[in-house]
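Here is the structure we will look at.
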Amino acid sequence: MKRYFSYLVALVALCVVSQGPMATAQEAVSESELIAVLVSADSAKADKAITCKRLAVFGSAEAVPALAALLTDAELTSWARIALEAIPGPEASAALREAAAQTQGRTLVGIVNSIGVRQDTEAMPLLAKWLKSEDSDVAEAAAVALGRIGNLESAKILSDAFTEGTDAQRQVMSQGCVIAAETLLAKGENSTAIAMYGVVRNANVPATRKVEAVRGEILARGVDGLPLLFEQLQSPDRAMMNIGLAVARELPGTEVTKSLMAELEKMEPARRALLIFALADRGDAAALPALAAAVTDADPTVRVAAIEAMATIGDASCIAALLTATTDSEENVALAAKQTLTAMTDASVNAELVKRLQEAKGNTEMRRSLIELVGMRRIEASVPELRTAVLDAASDATIRQAALTALGETVQLDDVTVLIEQVASPKYAEDAEIAQKALLTAAVRMPDLNACAAKLSAAMRGKSNDIQRNMLNILAAMGGSGALDTVGRVAQEGDRELQDLATQLLGNWMTVDAAPILWNIAKAPKHEFRIRALRGYLRIARQFIMTPEERLAICQNAMTIIERDAERKLVLEVAGRHPDLEMLKLVVSIGQSTPALKADVTATALAIAQKLDGSDEVLALLAKIGQKTVKIEILKAVYGAGDKTKDVTGMVQKCVHGFPLITLPKSTYNVAFGGDPASGVVKKLTIDYRMDGKTGQATFAENAAIVLPMPQ
């Protein structure tokens, strides 16, 4: 039976989600044809179930008798109810009432639920009778149905039965009473709803129902429900306290906000902090005075809660309290205050902070906090004050350094010179590192990178190597053509120490326009760092997006000056990463001129050939390095160490393409072969194969290139 029912569910689900031509065709079927399916003795139950589903959309009173006949069928009753719940008119309601008198157990529960969905007032006498049923499921369904009907008569039936019933009966009926109260409240019957909620709240019913009743009664009473709300906020029962906090967020009105503010003073710190968050979620600015007072609370948890709440609803009126908190002895309180002041979106906050910074001359601690804040908020209007703090000979070191950091976040191009000067000619040695970081922060966010680079470049001239190194590092972090020109000039014209740094920076440049400069250095026969430049030049070809022609030109240029196999291998790596016919030609030429790289050339050429079309030209190129296509059969492949191995024959067989090189789909053996058979141990791959009719065996160290030798 279970299997058959599952089949019905799956089939109906498939029908519902289908949006294809079949569904369209079914929609064209008339209601009479659908009814015929229900009344036919030859129709399968699965077909009847689907038909019920369709009648929920297309059915009318004409379909009710056929559907009613299925209500007592345990397998089809739920499908019939789906349609009857949706079909308008008194006929469907009458059919459900009539069927209810002939059923019991789960079938009756379902029909009672449908009566509730239809809010059938004529069924109230029957529902009142079922409230006293010995079957608790039936009684509960009747209570819920009366609750859904939700008129004064159904509420009285429920209320009387609830009052007169036993504790066990009240527990069964409690959900229906709560639903009745919700329905009545929605209809404006507040007094009756409040009474229903109160009956449930004061009864011995499940905790969930009590919580629902408390919430409902407070909301129904409005301002008059505040005493009940406060009772929950102080409750030792966590569920009741939580529902109190939830309702504190829901209950509308400034009067409620003010009452909650007054209640704060009566609560222990942990609960006070929770209520502060609830006040913030109300979004009512009337709570701000209470939050400002809480910022000075004796308990740091409360102070943090009040500060974080201000981030949600705070405005410029909170600044004084928050600024005081930025100097709090508790580090987490001070940090929370700074974060809140940074996050506040009130447009007047910036102007107020700048005004206070201008006035905070005698308070070092407060001035430093304000400087940090204008930097965190990136307030450009604060730049004059920050410049003054940096240049004032009487400034405290912590003030100067905070101002330098803030300038890094706020200064614009016209004022960036103040930072450049602090890096180029630092007045105080202890400020140098802070100034460099600030200038870097400012430089990388400049809209006009080239204009900023020009200022940095000009400031470098005539300075010590230490200062020039700092400037070069900042230019490299900025990027852009102006920065590249300066770094490139130093790499070619500077002294050895600066050339060393500049060529390192060029070798890691993040745009392809560094290639010409690197090439100029690489081909300069007397440049000490030409090899480094050459490797950086090839890195650009290896890593950056460019046309195949541009990449090939870089490799061909490099080959005209390469003197070492190490750099030739880099060219092979570029070719392997970006395979095409021209790259294959270049690889073959390397193989012909450099016998010592035969193994590397062969591996690269075969890898490229596998990704090309196997044309005569490709085969001819491979022949020039002694390679030709061969017939390879993988007989067995085993990967692992000792007795911990796994058979990987199938995977290796998939990677054979007619050349001795076998390229796995992943970069490591463990990943390619679906796991590590011997963790923590160096493994090997052993392959038994047949090549052009000759059998052989080859073993490869873990992650080595797999090139099968021709068997002897």
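Data overview
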item: Helix axis angle, 432-444 relative to the chain longest principal axis, alpha carbon, degrees; result: 70
item: Of LYS156/LYS187; LYS569/LYS611; LYS569/LYS683, those spanning more than 24 Å from alpha-carbon to alpha-carbon; result: LYS569/LYS683
item: Under Karplus coefficients 6.51, -1.76 and 1.60, residue-wise ³J(HN,Hα) of segment 40-55 in Hz, glycine/proline x; result: 6, 6, 8, 6, 5, 5, 4, 5, 5, 4, 4, 5, 4, 4, 6, 5
item: Segment ASP647-ALA168, extension gain: residue separation times 0.36 nm, minus the distance between their alpha carbons; result: 165.9 nm
item: Between segment 110-124 and segment 329-392, the alpha-carbon center distance in angstrom; result: 66
item: Debye equation applied to the C-alpha atoms of the chain, log10 I(q)/I(0) at 0.06, 0.10, 0.12 Å⁻¹; result: -0.82, -0.98, -1.14
item: HN-Hα J in Hz across segment 194-208 - Karplus 6.51, -1.76, 1.60, θ = phi - 60°, x for Gly and Pro; result: 4, 4, 5, 4, x, 4, 5, 4, 9, 9, 7, 10, x, 4, 4
item: The chain - mean residue ellipticity at 222 nm from DSSP helices (-39,500 (n - 2.57) per run, n ≥ 4, rounded to 500); result: -20000 deg cm²/dmol
item: Summed residue charge, Cβ within 13 Å of ASN190's Cβ, Lys/Arg positive, Asp/Glu negative; result: -2
item: Cα-Cα P(r), segment 617-693, percent of pairs per 10 Å interval; result: 18, 42, 27, 12, 2
item: Cross-link partners of LYS53 among lysines (Cα-Cα below 16 Å; sequence separation of 8 or more within a chain); result: LYS45
item: Positive-end residue of ALA502, SER395, THR695, charge dipole of the chain with Cβ unit charges; result: THR695
item: Net +/- balance of residues flanking ASP47 in space, Cβ distance below 15 Å, scoring K and R +1, D and E -1; result: 0
item: Cα extents of segment 306-371 along the three principal axes, largest first (Å); result: 31, 28, 14
item: Charge sum, other residues only, whose C-beta stays under 14 Å from LEU612's C-beta, Lys/Arg counted +1 and Asp/Glu -1; result: -3
item: Chain lengthening between ARG249 and ASN703 when straightened (0.36 nm per residue, less Cα-Cα); result: 157.4 nm
item: For segment 23-92: relative contact order, % (alpha-carbon pairs under 8 angstrom, 6 or more apart); result: 32
item: Cut-off under 5 Å, modelled amide H: who pairs with LEU635 long-range; result: ASP688, TYR689, ARG690
item: 25 Å Cα-Cα threshold exceeded, pairs from LYS598/LYS694; LYS585/LYS684; LYS654/LYS684; result: LYS585/LYS684
item: Inter-probe distance in nm under a simple model that places probes 7 Å from Cα toward Cβ, at LYS631 and MET510; result: 5.5
item: Spatially proximal aspartates and glutamates relative to LYS636 (Cα-Cα < 12 Å; intrachain offsets below 8 disregarded); result: ASP647, ASP688
item: Span from the segment 651-691 Cα centroid across to the segment 562-630 one, whole angstrom; result: 22
item: Computed label-point distance, nm, for sites ALA429 and GLN556 using a 7 Å Cα→Cβ extension; result: 5.7
item: Stretchable slack from SER60 to ASP500, in nm (0.36 nm times residue separation minus alpha-carbon distance); result: 149.5 nm
item: Two-site FRET efficiency, ALA69 against ALA195, from Cβ-Cβ distance with R₀ of 30 Å, rounded to 0.05; result: 0.10
item: Backbone N within segment 239-255 under 16 Å of label point (7 Å from PHE277 Cα along the Cβ vector); result: 239-250
item: Partners for LYS427 among lysines (Cα-Cα distance below 27 Å; same-chain residues under 8 apart left out); result: LYS361, LYS437, LYS455, LYS463
item: Cα centroid separation, segment 439-459 to segment 481-551 (Å); result: 21
item: 0 to 90° range, to nearest 10: angle between helix 449-460 axis and the chain longest Cα axis; result: 50
item: Estimated inter-spin distance, LYS463 and ALA239, nm [label 7 Å along Cα→Cβ]; result: 6.9
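Read-outs: derived from the displayed coordinates by stated rules, not from any lab. Just so you know, these numbers come straight off a predicted model, no measurement behind them. Using ideal geometry, Cβ is built from the backbone for each residue, glycine included, and neighbour counts are taken over all protein chains shown.
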